[in-house]
1. What whole-number distance in Å separates the alpha-carbon centres of region 442-486 and region 106-171?
2. With runs of 4+ DSSP H residues as the only contributors, calculate the mean residue ellipticity of the chain at 222 nm using -39,500 (n - 2.57) per run, divided by the residue total and rounded to the nearest 500.
3. Calculate how many DSSP beta bridges within region 426-551 are antiparallel, expressed in % of all such bridges and rounded to the nearest 5.
4. Can you compute the charge dipole magnitude of region 471-550 about its Cα centre, using +1 on each Lys and Arg Cβ and -1 on each Asp and Glu Cβ, nothing else charged? Give it in debye, rounded to the nearest 20.
5. Give the angle, between 0 and 90 degrees and rounded to the nearest 10, that separates the Cα long axis of helix 8-21 from the longest principal axis of the Cα atoms of the chain.
6. Residue separation times 0.36 nm, minus the C-alpha to C-alpha distance between A382 and A333: what's the value?
7. Treating the beta-carbon of each Lys and Arg as +1 and of each Asp and Glu as -1, no other charges, what is the dipole magnitude of the chain about its Cα centre, to the nearest 20 debye?
8. Can you list the residues, at least 5 places off or on another chain, whose amide H is less than 5 Å from the amide H of T92, using H built in the peptide plane?
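Laboratory data are not the source of any read-out in this text; all were calculated from the coordinates shown. Being a predicted model, the structure only gives us computed values, none of them experimental. Don't worry about glycine lacking a Cβ; one is built from the backbone with ideal geometry, like all the others, and counts go over all protein chains shown.
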Amino acid sequence: MLGLSPWLSILVVLLLALVVRQIPEPRRSRRLASRTLGVLDGRWTPVVVGVLTGVTTMFVWGSLSRTAVVHDESAYLLQAQIFSRFRFTMPTPPLPQFFEQLYVNLRPALFSKYPPGTSLLLAPGVMFGMPGLPVVVMNALSGALVFALARRYAGGVAALLTWLLWSTSFPVLYFHAMYLSEVPSSLAWLAAWWGVARWATSGRVRDLAVAALALALCAVTRPLTAAALALSVGVVMLLVVRRRDGAPARPRSGEIATLAAAALLAFTFVGMWSWRSTGDPFTTPLSLYTRRYVPFERLGFGAHEADRPSAKLPWDQRVTDLSFFEEHRVHRAATLPATAFARARMIGRDMWYDWRGGLAVVALVGLVGAPPALWIGLGALAVQLLLYLLYAHPARWSLYYIEGLPVLAFATVLGILRILELGARRALSSRARLTAVAVLLLAIVYPAVVTIRQVRVQIDSDHAYYEAFLASLPPEPDTAIVFVRYAPSHNDGLSLVRNVPDARSARLWIVYDRGAENAQLLRLAPRRKAYLFDEGSWALKPIESARSTEE
């Protein structure tokens, strides 16, 4: 970050308010300013903004074929690789205890625990060797929708600034350059609200269908987040129907059919996904994984000691699961107010960090006279926060609420514009608005560029660990087994052991070092060369015999 005072942002806004107050409005400059600002109202402007968003993601990520970093990414990408083969599962690898991987089921077959939406969207990119391409496209669509929604309710100037604040925030830059479910869920939220907004004024079923399909996508991607979205959308729809030309407060048959069809589509697909994965349409891969590895991982409060993770799990998996167990154990109804405050504080930090800190106060000003759309967005974010109070997670995991950041950016921009109007004691003229936009762009773009470069460096650093490991592996065309022995200082959030869709035909088996048990796996693959990778010394050592793995 820049390390600047958080109050610098307020100072810039206040000084700008004094500047625009002194700006006269000659007729000729008014026409020129109006034409310049008119570009923001153009039909293709959201497309341009979307492309810029996608290009930014490509830059900070550095490649469309990046490896996964965190456990979640690995699980999503593995399932995408399986889907790209037009299959739901792949055979269990031999002696699965060597191949244990967080968030991946190994029995009765190989498949991720996560809902299928994210992996389905990644699969086309995997097929063409560019798994990051769908992520870039989704971010581009999200950027276009952020701009379009803000423009719909507050005009082009507010839309441009909202998009800029949102798209250059550190969490969006960083987490949207990953194979995570929050990328499609963010798109689903924006698309759902776009469809509802258009349906509210047009009454067209096709606009409602956009919202319904977005809800279905969110349901098969992040179910609890989808529940918050569905509740918020449902309330808004009922209010719209109630006020529709004085008609009775009931939806039309076409609208009911559209929503029912989307819900049926989502439930049918989940049932088929479960049946093809676990063999039971009522047992999802998520519930199977939870029952087998983390029975405490459920909605509610507290955890039973009997559900403590098994000591037989690999070291990094056990350490990670134990940390989750502790979160659930201390998650109590009595502490919900403190929990809600801590999580809300972290959500605010994501938007108003470092030099942006003072803009949190500006956002409060934006609430005065704000359009209903802002209150609806804030309400949806509040519903999401309340629903997630049923689930134990560290407050720092504000990633779970990243879908609400466009709303906070919008409130901030409305506050900036309101302060400028108060300073000018009148509605901003075209020339004053153009001046304000120019100054604010200069004030935002520089720190944005610095932040983008910092995120690029951070992402390169994140990938360096696994890429260095890959560089140390046996070269082609050797087939080998690499036993991984973690150092005592190993970061349990990262893993070197990752499954591939078809272990039997894979050139490399990267598995856990299980000491004397390694001989069992060696006997199953006598033609594979054997190596031990010691993380502590960062060295790859040939194994001459099964006995040497016991050392």
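1. Rounded to whole Å, the Cα centres lie 21 Å apart.
2. Mean residue ellipticity, 222 nm, calculated: -20000 deg cm²/dmol.
3. Once the DSSP bridges in region 426-551 are tallied, antiparallel ones form about 25 percent.
4. 300 debye
5. 20 degrees
6. Extending this stretch completely gives an extra 15.9 nm.
7. It works out to roughly 2220 debye.
8. It is L110, by chain and number.
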